[in-house]
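Taking it in order: structure first as C-alpha cells, then the write-up.
Please treat every number below as a calculation from the coordinates, not as lab data. Since this is a predicted model, take the numbers as computed values, not measurements. Because the Cβ atoms are built from the backbone with ideal geometry, glycine has one as well, and the counts that use them run over all protein chains shown.
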Amino acid sequence: MITAQERTDFLSATAYAQKKMMGMGEIIPAATLTTYDQRRRNLIKESARIDLKLKKLYELLDDYVSHVSHITPCHKGCSACCHEQVIVFEIEADYIQKNTDHKKIASDLLQITTKAMGAHTPCPFLQGGACSIYQFRPLACRNHVSILESSSLCDFKYWNEGLIYPKTSAEILLKAGKELQSQQKRYGSADIRDYFGW
C-alpha cells in the first residue's frame, strides 16, 4: 500500500515526465529518427550471421537511448525493472546462451509467464543489484528507460497499485527484432525466466 501523499507525488511526477516526452522531438529530431529507421532497414538487408546482426541492432538501440541519458534516473545498481516481466525473442535467448555460460531450459512449449511480478521475481541474471549479462541483455532491457525524476518512483509499491511510470520507446528499432526473428523462421517469445529459469 502507498500513502495518499505518495500517490499524489507519483501522479505529479508522471505528469511532469509526460511533458518531457512531448518534447522528445527536440531531444531526438525527426531527421535523426529517419536516420535510425534507414539504419534498421540496412541492417535487415545484410547477409551477416544472425548473432552479428543482433549485436549491431543492440548497438544501434544503445546509441538511440544515449540521446535520453541526461533525462533518465536509470543507473547501474537500480534494478526495479529487473523484477518486471521481460519478454525476449527466441533468437535473443539463443544469443544469451551462445555468449554466456547460461543454458536455456529444454522445453517443447514455452509459455509467457502469468505469475504476478514483484520484488520476489528477480531476473535470473540479476546479481548483487546489477545485470550479470549486461553486454548481452535483450532488446526489452535496452529499451526500458524511465523518464521519471527519481528511480525511487519505479518501486514496486507503485506498480502494485497499478501506477505505471512513463518510459521511452524506440519502436522503429524494436520492429527490427521481429524482422530478424522472422528471417530465421523463428516466431517464439517468452519471459526471460521461462527460457533460463526462476
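Some observations on this one:
- Packing rank of 39-51, 147-159, where each peptide gets the mean count of other beta carbons within 10 Å, highest leading: 147-159, 39-51
- Mean projection area, nm², convex hull over Cα of region 1-100: 9.1
- Peptides 10-20, 136-146 ordered by packing proxy, namely the average of other Cβ atoms within 10 Å per residue, highest first: 136-146, 10-20.
- Within straight-line cross-link reach of LYS98, aspartates and glutamates at Cα separation under 16 Å, skipping those fewer than 8 residues along the same chain: ASP51, GLU90
- If R0 is 45 Å, the Cβ-Cβ spacing of THR32 and GLU161 corresponds to a FRET efficiency of close to 0.80.
- For region 4-196, alpha-carbon Rg and Dmax in angstrom: 17.3, 56
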